[in-house]
Amino acid sequence: MLAPMATILASRTVGVLGSGSDEHPELAHDIGILLARLGVNLLTGAGRGVMTSVSRAFTRSPRTSGISIGIVPSSPEDPARPKKGYPNDFVELPIFTHLPKSGEVGTDDLSRNHINVLSSCALIALPGGAGTASEIELAVRYGKPVIVYAPDERLVSAFPKDVPRAATIQEIEEFLRPLLER
């Protein structure tokens, strides 16, 4: 019996979390290239910062499969319109939502962060602020595999200490491989 398409897609979708303002190109670039090489779908929050940087690297890398997916928040003033500046230019499949909340209220029921976490088979958290921390919190709450990636521990010191850490791209690949082989 064939697995439902939604299950197949989710089992090959990796979410990348991180700053909406700082691109952290030295980290995001390597993650984007790795995910393209692994042939998975990349899922982000469709915004600026890390989301743009990782999506740029992913879409510009050679790949035989996988797509750049962005979960787009709505404008706080009008749930029928995307938040200003969304999606970034490297999102190939934007998923528009009516969900305006993020940042400090990223675990709120009206935040797209729930979709980001629940639609991914694994999550990689790069340096970021309250929104990134809320996505990590949701990943833990929902039992999703999550790893923090930053060679400089100071960049992620505000994230929960019980979440695994990686300092190299090789550690990220070792984290992902068994999850993608399921």
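Read-outs: derived from the displayed coordinates by stated rules, not from any lab. Computed from a prediction, not measured in an experiment: that's the story for all the values here. Positions of Cβ are backbone-derived with ideal geometry, glycine not excepted, and every protein chain shown enters the neighbour counts.
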State the Cα centre-to-centre distance between segment 17-34 and segment 120-182 in whole Å. 13 Å
Mind listing the long-range amide H neighbours of R165? Cut-off is under 5 Å, sequence gap 5 or more, other chains count too, H placed in the peptide plane at 1.01 Å from N. V148
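Which helices count as membrane-span-like in the chain under these terms: full DSSP H, at least 15 Å along the axis by C-alpha, Kyte-Doolittle mean of 0.5 or more?
Qualifying helices, which must be both long enough and hydrophobic enough, are 25-38.
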Per residue of the chain, what 222 nm ellipticity follows from adding -39500 (n - 2.57) for every DSSP H run with n ≥ 4, rounded to the nearest 500? -10000 deg cm²/dmol
Amide H of N41 versus every other amide H placed in the peptide plane: which residues, excluding those fewer than 5 positions away on the same chain, fall under 5 Å? T13, V14, I67
For segment 146-155, take each phi angle, set θ = phi - 60°, evaluate the Karplus expression 6.51 cos²θ - 1.76 cosθ + 1.60, and give the result in whole Hz per residue in order, putting x for glycine and proline. 9, 9, 9, 10, 6, x, 9, 4, 4, 6
Quick query: amide H of L99 versus all other amide H atoms, modeled in the peptide plane; which residues come in under 5 Å with a sequence gap of 5 or more or a different chain? S74
When only C-alpha pairs under 8 Å and at least 6 residues apart count, what is the relative contact order of segment 17-93, in percent? 32 percent
Selection from L179, T52, G128 lying farthest towards where the dipole of the chain points positive, charges on Cβ: L179
Across segment 99-182, what fraction of all alpha-carbon pairs, as a whole percent, falls in each successive 5 Å bin from zero upward? 3, 16, 26, 24, 19, 9, 4, 0
Where does the charge balance sit around I147 when Lys and Arg score +1, Asp and Glu -1, over other residues with C-beta under 15 Å from its C-beta? -4
Taking the convex hull of the alpha-carbon atoms of the chain and averaging its shadow over every direction gives an area in square nanometres of 10.0 nm²
If packing is taken as the average number of other Cβ atoms within 10 Å across a peptide's residues, how do 102-110, 123-131, 39-47, 78-86 rank, most packed first? 39-47, 123-131, 102-110, 78-86
Order of 135-141, 13-19, 68-74 by packing, highest average Cβ count within 10 Å first? 13-19, 68-74, 135-141
Mean separation of Cα contacts under 8 Å (at least 6 apart) over the residue count of segment 17-180, i.e. the relative contact order in percent, is 19 percent
